[in-house]
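Encoded as structure tokens, the structure appears first; notes follow it.
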Amino acid sequence: MARFASALLWIVISLLAVLPIAAWGAAALWFRFPAPEWGRATAAGLFLVLGLGTIVLLFGRRRWSALAVFALAFAALLVWWSTIRPPADGDWAPDVARQTTGTIDGDILTLSDVRDFEWRSDSDFAERWSKRSYDLSKLKTLDLFLAYWAGPEMAHVIMSFGFEDGDHIAWSVEVRREKSGEFSPIADAFKSHTLIYLATTERDSVRLRSNVRGEDVRLYRLNTPPEQARALLTQYAVEATGLAAEPKFYNSITANCATVVFKIMRAAGGTFPFDWRLVVNGFLPGYLYDHRVVVTTIPLAELMERAAISEKAKAADQSPDFSQAIRVGVPSPWDQPPK
């Protein structure tokens, strides 16, 4: 019985500690080790072999020596990993070339480098960056867009703030890639790209995804009081300005477009618990529905169906009333009759 218990213990240690560390370390070396491809492959392979060899030796007399060697190798890997810092400069792709920054003077929020591109295709566009001011006392609504780019599980999150005059400012948390770079959810869990917060017009970021890329875009109007929306918009401006001074890495698991948004919400005073749907963010509608952040007087399935706005966006393509047109028929908490 004692021998069986000992074997079971080492199996658990192998599966829950050594194997995950070996896999993470091999991936970290593959994506970030400063060497040609063959050098990265060699380093990753050696660390993985070390991990697998350690697992084998855990069931023999040399288990403690094997664990000590593996622990030292992992410690050295972590020291190297900590030296990888996010770059402040790069040959950035045009759409992420500028980091939005903001200042607040009383009720007036002034944002620099607001993106308002005229997209004809992903590679054909007219660049427009502007400086814009917003009266926070006139802030009225907060909406959330989900643009599904990889099936029903994964979506890009855009938060949009609406003002009494019908103007909207949308915030998109994105990967700041270089001109030659590509987005990879796996690689971007390993310090491959930095994070950028972009303030944009809805005709830029929403239309890009619905009309140009043909993504399934859904709009959810949130039950957020104006004072909480103001705190959140202020926090966006603070976080964005901070990124301009001190870059941070994007992480497709812990610092992606959804997890960052909810981190900002909590920083602004929102009380939203962590949930697996913040990572697998295609399922965010259910999370919002469960916490009564969206309209709950209709079934969730109906809400999701009526949230689809891609066809409306295509019909309103060049309209100056783009933001108003895509909201027609979308359920809003503010349109519900008082109880």
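The values are calculated or read from the model by the stated rules, or taken from the named source; none is laboratory data. Just so it is clear, the model here is predicted, and its values are computed rather than measured. Note that we place each Cβ from the backbone using ideal geometry, even for glycine, and neighbour counts take in every protein chain shown. Remember, those area values only see protein heavy atoms, side chains included, never the ligands or the DNA or RNA. Shrake-Rupley method; radii C 1.70, N 1.55, O 1.52, S 1.80 Å.
Values computed for the structure shown
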item	result
Selection count where residues are surrounded by 15 or more Cβ atoms within 10 Å (Cβ to Cβ) and either among the hydrophobic types (A, V, I, L, M, F, W, C) or within 20 Å of the chain's Cα centre (by Cα) (or both), scope the range 299-312	6
Conditions (1) outside any helix (DSSP H, G or I); (2) exposed (fewer than 13 other Cβ atoms within 10 Å of the Cβ): number failed by residue 98	(2)
Filtered residues of the range 132-146 (kept if open to solvent by 10 Å² or more (accessible area, probe 1.4 Å) and closer than 17 Å to residue 215 by Cα)	none
Residue that is modelled with the highest pLDDT, among those in the range 241-260 that are assigned to a loop (DSSP other than H, G, I, E, B) and buried (at least 17 other Cβ atoms within 10 Å of the Cβ)	247
Any hit, the range 320-327, residues being part of a helix (DSSP H, G or I), basic (Lys, Arg) and either open to solvent by less than 80 Å² (accessible area, probe 1.4 Å) or touching a residue at least 60 places away in the same chain (Cβ under 8 Å) (or both)	no
Residue 238 being touching a helix residue (DSSP H, G or I) at 6+ places or on another chain (Cβ under 9 Å), hydrophobic (A, V, I, L, M, F, W, C) and buried (at least 22 other Cβ atoms within 10 Å of the Cβ)	no
Given (1) open to solvent by 10 Å² or more (accessible area, probe 1.4 Å); (2) over 19 Å from residue 243 (Cα atoms); (3) touching a strand residue (DSSP E or B) at 6+ places or on another chain (Cβ under 9 Å); (4) not charged (D, E, K, R), index of the condition residue 123 fails	(3)
Qualifying positions in the range 147-175 - open to solvent by less than 10 Å² (accessible area, probe 1.4 Å) and more than 13 Å from the chain's Cα centre (by Cα)	160, 161, 162, 169, 170
Qualifying residue in the range 176-189 (condition: under 30 Å from residue 40 (Cα atoms), open to solvent by 20 Å² or more (accessible area, probe 1.4 Å), part of a strand (DSSP E or B) and not aliphatic (A, V, I, L, M))	yes
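For every residue, the table says whether it meets (1) within 27 Å of the chain's Cα centre (by Cα); (2) more than 14 Å from residue 73 (Cα to Cα).
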site	(1), (2)
14	no, yes
18	no, no
31	yes, yes
34	yes, yes
37	no, yes
42	no, yes
45	no, no
50	no, no
